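Here the structure comes first, spelled out in structure tokens, and everything after it is commentary.
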Amino acid sequence: MIDAKVLRQDPDRVRASQRARGDSESVVDDLLAAEESRRSAIGQYEALRAAQKDLGKQVSRAQGDERVALLARTKELAEQVKKADVAQNEAAATFHRLLLGVGNLVQDGVPVGGEDDYVVLETHGTPRDFAAEGFEPRDHLELGQILGAIDTERGAKVSGSRFYYLTGQGAELELALVNFAMASAIRHGFTPMIPPALVKPQAMEGTGFLGQAAQDVYHLEQDDLYLVGTAEVPLAAYHSDEILDAAKLPLRYAGYSPSYRREAGSHGKDTRGIFRVHWFDKVEMFVYCDPAEAATEHARLLEWEKEFITALEIPFQVLDLAGGDLGLSAVRKFDCYGWLPTQDRYREITSTSNCAEFQARRLNIRARFDSGTAPVATLNGTLCAMTRTIIMILENHQQPDGSVRIPEALRPYLGGRELLTPVS
């Protein structure tokens, strides 16, 4: 959540951030009113408690009728204190609930607007000219079927729409990507992690996935557990309610886990193949650092994503997302969009977000700095979302006979093979 001090001292900054996100500014006035009610309730409770303590001293000195009268007053005051305590707790809960719904404070320089108002910062690589090569590119699903790599029909039979099997060379390709991604992360100083894919509500709320994103979350009601949509969630909650050693920051973790998403708002979108599915595997980078280093660390995460995509020889662009497309927790977000030949456009394959102290404040993750104990900053970045990366490899490296050239960086993880070949 945002720092309540910012709300009290500079409410116009919060209003400006809400505008940048396309969210209502009225919540700021609601919060200020709730804060006033909270402070008033606390003051009333403390005044009654002081009176109660003073009355207790008077009772200890009184005798006879005076003592009887004071004891009667003690009972009345005790009831008033009890009600005041309830009132202050309710006022605090109202303030906290409203504060949880406010998005992180958008960083200066973030583009204004919504999903379609991103700014393209960089373009890397050149899309192949398939017409010049003399053939029409096949889409990833057709290629996956030729290679015996993707089976969506049986995925739908067993689990429903937007599910799939990776088979044969498809499964091998994912395992190669996992190993390559983890090796890359370890080389950059990340600790490899295989985190749980089921988490408690506190972890989901702490990372900001029970607000705007709640419709896309799978909830197991009987156990009150959530299936994670990204390893960001268990990695962020890993150090919840802890005080970290500032001297050991940054802490960098790379988590490999399944990701589950309802895709509730994507009816009719990307229904063919495995671009938009309810489950996929992913290697996610996650960082805890000094807030003063967050912007620098964000740039590093983006560079590592770019390095990974470049190694796979996929043309791509880097996008600076607009305020209305940041999600609840991020102050800034960069996406990498890979070139998809059969759609003749770039599509999202990775994302990296700077969440500043927002998640750490919600999850109670602090460090002892020279200036005192304070929340750390958290950042996340997708290194490899398997299904979309597989799509990009198949379509960008396909050959006229339906085979697919394996990027050189992946060959050591596929026994040195140079091609994925059609099955008979």
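The values are calculated or read from the model by the stated rules, or taken from the named source; none is laboratory data. Note that this is a predicted model, so its numbers are computed, not measured. Neighbour counts run over all protein chains shown; Cβ positions are idealised from the backbone, glycine included.
Just a few scattered comments:
- With respect to the conditions (1) part of a strand (DSSP E or B); (2) touching a Phe, Trp or Tyr at 6+ places or on another chain (Cβ under 6 Å); (3) in contact (Cβ under 8 Å) with a residue 24 or more places away in the chain; (4) of a type outside the set (Val, Ile, Thr), His219 falls short on a single one, namely (3).
- Search result, residues across the stretch 262-277 that are on the phi < 0 side of the Ramachandran plot, surrounded by fewer than 19 Cβ atoms within 10 Å (Cβ to Cβ) and in contact (Cβ under 8 Å) with a residue 40 or more places away in the chain: Arg262, Ala264, Gly265, Thr271, Arg272, Arg276
- Residue match in the stretch 320-338 (condition: small (Gly, Ala, Ser), buried (at least 23 other Cβ atoms within 10 Å of the Cβ) and either assigned to a strand (DSSP E or B) or not assigned by TED's automatic domain parsing to the domain that holds Tyr256 (or both)): yes
- Per the listing Thr350, Thr373, the residue uniquely modelled with pLDDT of 95 or more, within 25 Å of Ala231 (Cβ to Cβ) and part of a strand (DSSP E or B) is Thr350.
One line per residue, one yes/no per condition, for (1) within 15 Å of Cys384 (Cβ to Cβ); (2) within 15 Å of the chain's Cα centre (by Cα); (3) surrounded by fewer than 18 Cβ atoms within 10 Å (Cβ to Cβ):
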{"site": "Gly168", "(1), (2), (3)": "no, no, yes"}
{"site": "Asn179", "(1), (2), (3)": "yes, no, yes"}
{"site": "Ser184", "(1), (2), (3)": "yes, no, no"}
{"site": "Gly189", "(1), (2), (3)": "no, no, yes"}
{"site": "Ala203", "(1), (2), (3)": "no, yes, no"}
{"site": "Thr207", "(1), (2), (3)": "no, yes, no"}
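- Some residue of the stretch 352-363 being more than 29 Å from Val110 (Cα to Cα), out of contact with any Cys (no Cβ under 7 Å at 6 or more places or on another chain) and among the basic types (Lys, Arg): no
- Criterion: surrounded by fewer than 20 Cβ atoms within 10 Å (Cβ to Cβ) and either among the small types (Gly, Ala, Ser) or under 24 Å from Ala385 (Cα atoms) (or both) - qualifying residue of Ser259, Ser240: Ser240
- Failed condition for Thr94, given (1) surrounded by 13 or more Cβ atoms within 10 Å (Cβ to Cβ); (2) farther than 22 Å from Thr207 by Cα; (3) over 24 Å from the mean Cα position of the chain (by Cα): (2)
- Among the conditions (1) under 28 Å from the mean Cα position of the chain (by Cα); (2) assigned to a loop (DSSP other than H, G, I, E, B); (3) exposed (fewer than 15 other Cβ atoms within 10 Å of the Cβ); (4) touching a residue at least 24 places away in the same chain (Cβ under 8 Å), Val106 misses just one, which is (3).
- Out of Leu210, Leu235, one residue alone is part of a loop (DSSP other than H, G, I, E, B), over 30 Å from His397 (Cβ atoms) and not hydroxyl-bearing (Ser, Thr, Tyr). It is Leu210.
- Restricting the first member to the stretch 18-35 and to residues that are more than 16 Å from Leu328 (Cβ to Cβ), and the second to residues that are surrounded by 14 or more Cβ atoms within 10 Å (Cβ to Cβ) and of a type in the set (Gly, Ala, Ser), the beta-carbon pairs closer than 8 Å and six or more apart or on different chains are Ala34/Ala91; Glu35/Ala4.
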